[in-house]
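Accompanying notes for the structure given below.
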Amino acid sequence: MPPYLHFLPTALKDEISRLHQEKQDWISQDKKGFLRYREPLKAVQQLRASSLDLNNDVVRIGNRADLSEAEQEQVFRLLKGFMPWRKGPFSVFGIDIDAEWQSWRKWNRLLPALPELRDKVIADIGCNNGYYMFRMAAYQPRLVLGFEPYVHHYFAFSLLNHFAKLDNLHSDLLGIEHLPLFPDCFDVIFCLGILYHRPSPIDALHELRIALKPGGSLLLESQAINNDQPIALFPEKTYAKVPGTWFVPAPSCLHNWLLRAGFVDIECFCLHPMSSEEQRRTEWMNFESYQDFIDKKNPALTIEGYPAPWRVFFKAGKR
């Protein structure tokens, strides 16, 4: 049984335990795609951070003096092996990881709407490498459970938290579709940048509501179009070069989705355009990024000719 289930008395423990074991058996296979992460992790089992700083834009885990020169080089190579780094920034034993996203900007936009996190049970859906989980940890929650179905990101978080050793942070190879296994479990759910990747956003919102405790808070952030009408863009094939994008809602459309999914106290508290200042190529993420997704002659359009993306933030509750 995964250890986080002790904090979730209403969860469907047998089903979750079985699913958890299936996932662990899967990633324990002696296949190249798993060994590339597991073997380096074994090589640094003895390393621990002497200090943490989770209150500032850069998540700092340890410092340079914690490691010998040989260990520093070993960790640097290991971290490079986890490229591309999508969320950040991090500083790990003094090694600065400049990730694709300046994730502190999104966190700062969440702060005015942040509910009480101290001693709360929290879910982070699509947690990636755990940047936001580490920022949440500064508020001393009882548990933060990250749902992350992608092996690369799951192991990246496992590595970082192996160094940080925060016992109230856990990640599992789960997706938003597994939330019905966690009825009435979470005081707060963060769902950041996930909804537009779901072919049925209403179903996804229902799943989020199922897992939220009565009186709990959902913090939802999504790609959006800047339009006053309750409409959503549905791209033919790709949106900003991303094939896994389905519905890109206007703010009033997303408000109505939340309403019809049964949420209450719905508040849109932030809307802003995306930019290459926030999402860009770096030496830690050297693939295409925002500037490659936008029409170079008209930055108000994507490369496909659709309205360029904005980001919208909502807070909602469960009765």
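The values are calculated or read from the model by the stated rules, or taken from the named source; none is laboratory data. Bear in mind that the values here come from a model prediction, so they are computed numbers and not experimental data. Positions of Cβ are generated from backbone atoms using ideal geometry, with glycine treated the same way; all protein chains shown enter the neighbour counts. Surface areas here come from the heavy atoms of the whole protein model, side chains and all, with no ligands, DNA or RNA. Shrake-Rupley method; radii C 1.70, N 1.55, O 1.52, S 1.80 Å.
Please work out which one of (1) over 16 Å from the mean Cα position of the chain (by Cα); (2) surrounded by 15 or more Cβ atoms within 10 Å (Cβ to Cβ) is the condition Phe147 fails and give its number.
Condition not satisfied by Phe147: (1).
Give all pairs with beta carbons closer than 7 Å in which a residue from the range 296-317 that is within 14 Å of Phe269 (Cα to Cα) and open to solvent by 50 Å² or more (accessible area, probe 1.4 Å) meets a residue that is modelled with pLDDT of 95 or more and part of a loop (DSSP other than H, G, I, E, B); count only pairs at least 6 apart in sequence or on separate chains.
Filtered contacts from the range 296-317: Trp310/Ile225; Trp310/Asn226; Trp310/Met274.
If we keep just the residues of the range 272-295 that are charged (D, E, K, R) and surrounded by 13 or more Cβ atoms within 10 Å (Cβ to Cβ), which is nearest to Phe82 (Cα to Cα)?
Per the stated criteria, the residue is Arg281.
Take the residues in the range 172-216 that are within 17 Å of Val312 (Cβ to Cβ) and among the small types (Gly, Ala, Ser); name whichever of them is nearest to the chain's Cα centre (by Cα).
Once the filter is applied, the top-ranked residue is Gly193.
Could we say that Asp96 is at pLDDT 95 or above and in a loop (DSSP other than H, G, I, E, B) here?
No, not satisfied.
Within the range 81-105, track down each residue that is open to solvent by 10 Å² or more (accessible area, probe 1.4 Å) and in contact (Cβ under 8 Å) with a residue 60 or more places away in the chain.
Those that are open to solvent by 10 Å² or more (accessible area, probe 1.4 Å) and in contact (Cβ under 8 Å) with a residue 60 or more places away in the chain: Met83, Pro84, Arg86, Asp98, Trp101, Gln102, Arg105.
For Ser17, indicate whether it is open to solvent by less than 60 Å² (accessible area, probe 1.4 Å) and at pLDDT 95 or above. Don't jump to the end; show me each part of the working.
Numbers: open to solvent by less than 60 Å² (accessible area, probe 1.4 Å): yes; at pLDDT 95 or above: yes.
Considered against the rule, which asks whether it is open to solvent by less than 60 Å² (accessible area, probe 1.4 Å) and at pLDDT 95 or above, Ser17 comes out as yes.
List the number of the failed condition for Asp228; all other conditions in (1) out of contact with any His (no Cβ under 7 Å at 6 or more places or on another chain); (2) under 17 Å from Phe293 (Cβ atoms); (3) part of a loop (DSSP other than H, G, I, E, B) hold.
Asp228 satisfies all of (1) out of contact with any His (no Cβ under 7 Å at 6 or more places or on another chain); (2) under 17 Å from Phe293 (Cβ atoms); (3) part of a loop (DSSP other than H, G, I, E, B) except (2).
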